[in-house]
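Note sheet for the following structure.
The values are calculated or read from the model by the stated rules, or taken from the named source; none is laboratory data. Since the structure is predicted, the reported quantities are computational estimates derived from the model, not experimental observations. Heads up, the Cβs are rebuilt from the backbone with ideal geometry, glycines too, and the neighbour counts pull from every protein chain shown. These area figures cover heavy atoms from the full protein model, side chains too; ligands, DNA and RNA do not enter into them. Shrake-Rupley method; radii C 1.70, N 1.55, O 1.52, S 1.80 Å.
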Amino acid sequence: MSVLLIVGLGNPGAQYEETRHNAGFWFARELARRHDIPLRNESRFLGETGRGRIGAHEVRLLLPQTFMNRSGAAVAALAGFFRIPPPQILVAYDEIDLPPGTVRLKVGGGHGGHNGVRDIVRHLGADFLRLRLGVGRPAVAEEVVGYVLRKPPAEERNAIEAAIGRALEEAPLIVGGELQAAMNRLHAPE
C-alpha cells in the first residue's frame, strides 16, 4: 500500500529549529526540497503543507505547527479531509532510544513516550508508519525534555543528517509501499 501523507514532527518557532526534537521537520523539509514540493501554511490543517510527487506517486507533506504534544490534531485534520487512512501515513520523528545516525522504519506500535506520536495515536490509532530518527538519550532519564529541546553538537547533528540522507534515498521505496525492501536497506549495518 502506497504512502499518501508524510508527516514530519517538530516544534514551530526559530528557538526550536535546530533542536533534536525537530529531526522530523529536518527530514520533511529536505524531502520537500529534493522533490520540489512547495510548502505553505494552511490554517485549516494546522500546519505547513505541500503536495507533489516522489517517484511515481503523489504525496502530501505536513509539518504540524501546533507544538509537538498537539501534533495529532493537525494530522487528523488533513488525513480526515483527504480521507487518508492511518496505514497510508508515514510519521518521521526524533527517537531517543536510537543513537544518532540510526534510522528505523516501523509499521504501527506504541508511542514509546514520544508526545507527538502519543497525540497522533490518540487521534488516529496506532496503525501508521513510523520513520524513527535516532538522536540518542541523555545520561540521566530526568533530563530527556531538556535534551531533546537542545541543539545537538556538530558531530551528532552530522550523524542525524546522514541518517536522514539514507532515509531520503529510500523515500521512493517507502512511498511506493515497498516497506520490506526499504527496511532491509535502512536497517543494514553500515
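Kindly state, to the nearest 0.05, the FRET efficiency for Leu149 paired with Ala126, given R0 = 30 Å and r defined as their beta-carbon distance. Intermediate values should be presented prior to the final figure.
Details: r = 25 Å, r/R0 = 0.84.
Between Leu149 and Ala126 the formula returns 0.75.
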So what are the ³J(HN,Hα) numbers for the range 51-56, from phi and the Karplus equation (6.51, -1.76, 1.60; θ = phi - 60°), rounded to whole Hz, Gly and Pro as x? 9, x, 10, 10, x, 8
Once you place label points 7 Å from the Cα toward the Cβ at Val107 and Met1, how far apart are they in nm? 0.9 nm
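Quick check on packing: order 31-41, 120-130 by the mean number of other C-beta atoms within 10 Å, highest mean leading. Write out the running numbers ahead of the final one.
Details: 31-41: 14.8, 120-130: 19.5.
Sorting 31-41, 120-130 by mean packing, highest first, produces 120-130, 31-41.
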How far apart, in nm, are the 7 Å Cα→Cβ label points at Ala162 and Arg137? 2.3 nm
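For the range 31-150, calculate the relative contact order in percent as a whole number, restricting contacts to Cα pairs under 8 Å that are 6 or more residues apart.
Details: 203 pairs, mean separation 27.3, N = 120.
Normalised by residue count, the contact order of the range 31-150 is 23 percent.
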Could you give the accessible area per residue of the chain, probe 1.4 Å, as a whole number in Å²? 46 Å²
Mind listing the phi-derived Karplus ³J(HN,Hα) values for the range 7-22, rounded to whole Hz, using 6.51, -1.76 and 1.60 with θ = phi - 60°, and x for any glycine or proline? 10, x, 8, x, 10, x, x, 4, 5, 9, 3, 9, 7, 4, 5, 9
Once you put a point 7 Å from the Cα of Ala14 and another 7 Å from the Cα of Asp36, both along the Cβ direction, what distance in nm separates them? 3.1 nm
What is the magnitude of the charge dipole of the range 92-176 about its Cα centre, with +1 placed on the Cβ of each Lys and Arg, -1 on the Cβ of each Asp and Glu, and no other charges, expressed in debye to the nearest 20? 140 debye
Using only protein heavy atoms and a 1.4 Å probe, report how much of Ser71 is accessible, in Å² to the nearest 10. 0 Å²
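Please label the shape of the range 114-190 as rounded, prolate or oblate, based on the square roots a ≥ b ≥ c of the eigenvalues of the alpha-carbon gyration tensor (a/c under 1.5 means rounded; beyond that, a/b larger than b/c means prolate, else oblate). Each step should come with its number before you reach the end.
Details: a/c = 2.55, a/b = 1.24, b/c = 2.06.
It is oblate, given that a/c is not under 1.5 and a/b is not larger than b/c.
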Distance-filtered residues of the range 34-54 - backbone nitrogen under 17 Å, label point 7 angstrom along Phe81 Cα→Cβ: 38-52
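Does the range 1-127 come out rounded, prolate or oblate by the C-alpha gyration tensor, with a ≥ b ≥ c the root eigenvalues, rounded set by a/c under 1.5 and, if not, prolate when a/b is larger than b/c and oblate if not?
Here the range 1-127 falls in the rounded category.
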For the range 1-41 the mean separation of alpha carbon contacts under 8 Å (6+ apart) over residue count, i.e. relative contact order in percent, is 34 percent
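Of the accessible area of the range 10-153, with the probe set at 1.4 angstrom, what percent is carbon plus sulfur?
Working: 3310 of 6570 Å².
Looking at the range 10-153 in its full context, I get 50 percent from C and S.
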HN-Hα J in Hz across the range 104-111 - Karplus 6.51, -1.76, 1.60, θ = phi - 60°, x for Gly and Pro: 9, 9, 9, 9, x, x, x, 8
Counting only DSSP beta bridges fully inside the chain, the antiparallel percentage to nearest 5 is 55 percent
